[in-house]
Amino acid sequence: MARPYTDPSIDEYLRERLMPVEGTIPHLPGIEMYGNSIPAGTVGGDLFEYINFQQRYDIDARIQRATKLSKEFLEPLPPGASPRNSVDDHVEWLKTRPGYPSEMETEYRDARSSEQVRVAEDLHELYSTAGVLLVDAQGHGIISAKIASTVHDTFHAFMLSELDRRGKTTPELFEKINLRLAQSVTARNALGRSEKENAREIATMLYGEVHPDGHFRFVNFGHPPPLVFSAEDRKFTKVDKNRMVQFLALGLQIPEDHPDRNRYFSMQFRQRRASPADVAEITLINPGDVLFLYTDGVYDGSDEEERQELEAVMREHCHLPAKDICNALLEHAQMEDDHLRQIGEQDRIDDKTVFIIKRN
């Protein structure tokens, strides 16, 4: 006799939402990737997700739509007809302005048409692009999981808008997520940083996109920086820190030119909004090179002794598939947890996430 269905508990529900799904791993020529998360308790504040563009979005349909709009935007609106799109609507408004020159319509239609041509071209790049999203909410309980889930949902909502408008991700998407996690001056239920020093809700985020040539471009809000293991030198390589732009954790710093900057708490105003120049870049040059992404439950990015231990694990397993490398690093981190328990410092145990990108 089948058991009656029971609703999952909130921690079971959030854990299911935050765990990666192996069936969504993107497949790019010459690139192998694998990641996994282990919460410190029944549920944690780490979130890891593959962004498989080909699987998640109908790229063909989006390209066709952009191509259709590029042609439609060029066609003048028949007399007496209702506006068919945003271009028609704007042209009708332009005609009401004093001194409106007739050639302005053609120029505007040409510009908006070319935008859609570019959207179609950028969408085509998604066939050979894979994304990865890592979020680490402070703490490792249900509230942390809820914050991570909020970042996840916000990310995907803005991603839909980005692909419609741009055909790709831009720094504007991440500025919107940053504002979503900021503490509103007036909102009762806002997420982000509280006025009370002991009541902060903080999350770090790293989002990156990898290409078949081993090129990895990413934005970083307070997350530990990636490590690159050289197969040739059999050690972690030094990465130019000038190319590793890092903002504060989500919600802690609002750009001073944002129109709503005075509606949110901010540790300090950032001089400007994120731009393409703030997108960091790493390239896996040789076959066997490995990009190692992680959360601070695995490594906080500063302890030199721990870095050497992780390097030894990587050296021993670098010839294996990405999944095995990932599992070996997580196993090492769990052994460190066992040591913390033995010395009575189990309160230092945190959620763990490892993501491996390997160039074959």
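The values are calculated or read from the model by the stated rules, or taken from the named source; none is laboratory data. Owing to the predicted nature of the structure, the values given are computational and were not obtained by experimental measurement. Neighbour counts are summed over all protein chains in view; Cβ atoms, including those assigned to glycine, are modelled from backbone coordinates with ideal geometry. SASA here: full protein model, heavy atoms, side chains in, ligands and nucleic acids out. Shrake-Rupley method; radii C 1.70, N 1.55, O 1.52, S 1.80 Å.
Could you say which residue among MET104, MET159 is hydrophobic (A, V, I, L, M, F, W, C), farther than 30 Å from ARG359 by Cβ and part of a helix (DSSP H, G or I)?
From the options MET104, MET159, the qualifying one is MET104.
Which one of these is at pLDDT 90 or above and farther than 30 Å from LEU179 by Cβ: ASP289, ASP338?
Answer to the selection: ASP289.
Looking for whichever is assigned to a loop (DSSP other than H, G, I, E, B) and at pLDDT 95 or above here; the options are LEU329, LEU320, LEU310. Which one fits?
Every option except LEU320 fails the conditions.
Being more than 21 Å from LEU18 (Cα to Cα), in contact (Cβ under 8 Å) with a residue 12 or more places away in the chain and either open to solvent by less than 30 Å² (accessible area, probe 1.4 Å) or in a helix (DSSP H, G or I) (or both) is the requirement here; does GLU305 meet it?
no
Take the conditions touching a residue at least 40 places away in the same chain (Cβ under 8 Å), in a helix (DSSP H, G or I) and surrounded by fewer than 17 Cβ atoms within 10 Å (Cβ to Cβ) and apply them to HIS90. Does it pass?
Spelling it out, it is not the case that HIS90 is touching a residue at least 40 places away in the same chain (Cβ under 8 Å), in a helix (DSSP H, G or I) and surrounded by fewer than 17 Cβ atoms within 10 Å (Cβ to Cβ).
Scanning the stretch 277-302 for residues that are outside any loop (DSSP other than H, G, I, E, B), over 15 Å from GLU32 (Cα atoms) and of a type outside the set (Phe, Trp, Tyr), which turns out most open to solvent (accessible area, probe 1.4 Å)?
Top of the filtered list is ALA277.
Out of all the residues in the stretch 252-271, which are of a type in the set (A, V, I, L, M) and in a loop (DSSP other than H, G, I, E, B)?
LEU252, MET267
Has the stretch 52-73 got at least one residue that is in a loop (DSSP other than H, G, I, E, B), modelled with pLDDT of 95 or more, open to solvent by less than 80 Å² (accessible area, probe 1.4 Å) and in contact with a Lys or Arg (Cβ under 8 Å, 6 or more places away or on another chain)?
Yes: the stretch 52-73 contains one or more residues that are in a loop (DSSP other than H, G, I, E, B), modelled with pLDDT of 95 or more, open to solvent by less than 80 Å² (accessible area, probe 1.4 Å) and in contact with a Lys or Arg (Cβ under 8 Å, 6 or more places away or on another chain).
From the list ALA274, ALA249, which one is at pLDDT 90 or above, open to solvent by less than 30 Å² (accessible area, probe 1.4 Å) and in a loop (DSSP other than H, G, I, E, B)?
ALA249
Hey, could you check the stretch 150-172 for residues that are more than 22 Å from GLY45 (Cα to Cα) and among the aliphatic types (A, V, I, L, M) and say which is surrounded by the most Cβ atoms within 10 Å (Cβ to Cβ)?
The extreme case among them is LEU163.
Of everything in the stretch 312-351 that's under 26 Å from LEU28 (Cα atoms) and charged (D, E, K, R), which residue is surrounded by the most Cβ atoms within 10 Å (Cβ to Cβ)?
Out of the qualifying residues, it is LYS323.
Find all pairs meeting these conditions: Cβ atoms under 6 angstrom apart; at least six residues apart or on different chains; first residue within the stretch 122-143 and within 30 Å of ILE10 (Cα to Cα) and open to solvent by less than 10 Å² (accessible area, probe 1.4 Å); second residue hydroxyl-bearing (Ser, Thr, Tyr) and part of a strand (DSSP E or B).
The qualifying pairs are LEU133/TYR207.
In the stretch 227-240, how many residues are open to solvent by 90 Å² or more (accessible area, probe 1.4 Å), touching a residue at least 12 places away in the same chain (Cβ under 8 Å) and at negative phi?
2
If you go through the stretch 1-46 one residue at a time, how many are within 23 Å of ILE143 (Cβ to Cβ) and assigned to a loop (DSSP other than H, G, I, E, B)?
Of the residues in the stretch 1-46, 12 are within 23 Å of ILE143 (Cβ to Cβ) and assigned to a loop (DSSP other than H, G, I, E, B).
Filter the stretch 102-121 down to the residues that are open to solvent by less than 20 Å² (accessible area, probe 1.4 Å), farther than 30 Å from ASN220 by Cβ and not polar (S, T, N, Q) and list them by number.
ARG109
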